[in-house]
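Report on the structure given below.
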Amino acid sequence: MNTELNTLLTTLYVHLDDRILPAIGFSRDHHPGRKPALNDVELLCLLVAQHLLGIASDRKWIRYARTHLKGMFPNLPAQSGWGKRVRQSTGLLSAVITELARDTPSFGEITRLVDSTPLPCGKSRETVKRSDLAGHAGYGYCASHSRFFWGFRLYLVCTPDGMPVIWGLANPKIGEREAAQAMLDHDRHLIQPGQVIIGDKGFAGREFETFITDHLGAHLIRPDRKDETPRFGKLGGIRQWVESVFDTLKGQLTLEEHGGRTVAGVYSRVAARLLALAAAIWHNWLIDAPAKRSLIAYDH
C-alpha cells in the first residue's frame, strides 16, 4: 500500500472517529451483546481501501488485507464475517457519505448534477429466475450503450467535482422522472433553495419540473428537445461531467462487478464504492490536489 493511500486512511480514521460518527450519533455503547473486534471506523477505512485499490472480490480482499494490512488492522474477520458486517452497515455508509459531502467545499456550490446508470445484477435467464433479487430488480435498456440488462438503475445527485450527495437504486421499469422525484423528495433537506440541478432529456416533463421549482425551490436545467422552444441549448460539455463520474465508478471502482446477490448485498456494495469515491474527493480537497476526483494516487 502506497504512502498516499496510507495518509488518506489515517486522516479519514481520525476524521470519522472525532467528527463524523459523533455528529451522526452513532455509537455501540448501548447496543446489546459483545462489541465486534473490528470496530466501525476500521471497517469504513478498510472498505475505502478495498475499492480504491480496485479489489472487487471479498475473498481476494481479505487475503490481500491479511498480507499487507495486518499491522494496521489486526482484527480482520473471515470472508463470511466481513460480508455480514458490510451488509449490516448500509445505513452507516450512507450517513458517512453525506457527512463527507458536507465537509467538502464543493457542497456549498450552487450546481448539482443528476443522472442514472444501469447496475446489472445478472447475465443469464437462470440467474434471473432463481435470484433473491427477483421482484426487486428488473429488465431495462441502456440507450447510450445499446444494451438490455437485468438489475437496477443507480440514481445519483452529485456536485460538479463528483462528490455524491444523494443516491438510490430503483427498478429500471420505473420512469427516470418518477424515481428521481421520489429520491429527491426523501432527501429534500440536502437540496438548498436556489440550487441549479442539471439533468439530461430523460428528466423532461412539466410535472417533474414543477416539483423541482415549487417543492424544492431549485431550478432544473436540461438539454432542449427538438419539439420545444429552445431554452438551455445542448449542454453537451456539462453533461459529460456526470458521465465521467459514472466512468470512474465503473472503471476504477468496479461498480458493475459488485457481486451482490441480495437487496442488502447490492445496496451495501454500491454504498461502499460511493464511500470510496467520497473519501478520495474529500481528501483531495484537504491536500489541495489539482484534480479533485482523481484516484490515481491511491489505486496501487
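Based on DSSP, what percent of beta bridges with both residues in the chain are antiparallel, to the nearest 5?
Details: 20 of 27 bridges.
Bridges in the chain are about 75 percent antiparallel.
The angle between the Cα long axis of helix 90-102 and the longest principal axis of the Cα atoms of the chain comes to about 70 degrees, rounded to the nearest 10.
Only Lys, Arg, Asp and Glu carry charge here, each on its Cβ (+1 for the first two, -1 for the last two); on that basis the chain has a dipole of about 1160 debye about its Cα centre. A 1.4 Å probe over all protein chains sorts TRP167, TRP241 by accessible area into TRP241, TRP167, starting with the largest. By a 1.4 Å probe calculation restricted to protein chains, SER144 has an accessible surface near 100 Å², given to the nearest 10. Each Cα pair under 8 Å and six or more residues apart adds its separation to the average, and for the chain the resulting relative contact order is 24 percent. Of the residues GLY135, VAL96, THR111, the one whose Cα sits farthest toward the positive end of the charge dipole of the stretch 65-139, with +1 on the Cβ of Lys and Arg and -1 on the Cβ of Asp and Glu, is GLY135. What the Cβ-Cβ distance of ASN6 and HIS30 gives, at R0 = 41 Å and to the nearest 0.05, is a FRET efficiency of 0.75. Apply the a/c threshold of 1.5 to the C-alpha gyration tensor of the stretch 110-158 and tell me whether it is rounded, prolate or oblate. Oblate, since a/c reaches 1.5 and b/c is not below a/b. A crude spin-label estimate for the pair LYS173 and SER146, with each label 7 Å from Cα along the Cβ direction, gives 2.7 nm. By definition, a body whose alpha carbon gyration tensor gives a ≥ b ≥ c is oblate when a/c is 1.5 or more and a/b is not larger than b/c, and the stretch 74-173 fits this oblate description. Rolling a 1.4 Å probe over the protein heavy atoms leaves THR254 with an accessible area of roughly 10 Å². Over the chain, dividing the summed -39,500 (n - 2.57) contributions of all DSSP H runs of at least 4 residues by the number of residues returns a 222 nm mean residue ellipticity of -12500 deg cm²/dmol. Based on the alpha-carbon gyration tensor of the stretch 1-79 and its eigenvalue square roots a ≥ b ≥ c, which shape applies: rounded if a/c is under 1.5, prolate if not and a/b is larger than b/c, or oblate? Oblate is the answer for the stretch 1-79, as a/c is 1.5 or above yet b/c matches or exceeds a/b.
For Kirkwood radius over Cα pairs in Å, one of (1) 24.4; (2) 22.4; (3) 20.2 was computed from the structure I shared and the rest are decoys. Which label? Answer label, from the structure shown: (3). Only protein atoms count toward the accessible area here, which uses a 1.4 Å probe; on the chain, the carbon and sulfur part of that area reaches 52 percent.
Label point of ASP227 set 7 angstrom out along Cα-Cβ; within the stretch 158-187, amide nitrogens under 20 Å from it belong to 175-178.
The values are calculated or read from the model by the stated rules, or taken from the named source; none is laboratory data. Being a predicted model, the structure only gives us computed values, none of them experimental. Here the Cβ is made from the backbone with ideal geometry for all residues, glycine too, and neighbour counts use every protein chain on show. Just so you know, the surface numbers come from the protein's heavy atoms only, side chains and all, with ligands and any DNA or RNA stripped out. Shrake-Rupley method; radii C 1.70, N 1.55, O 1.52, S 1.80 Å.
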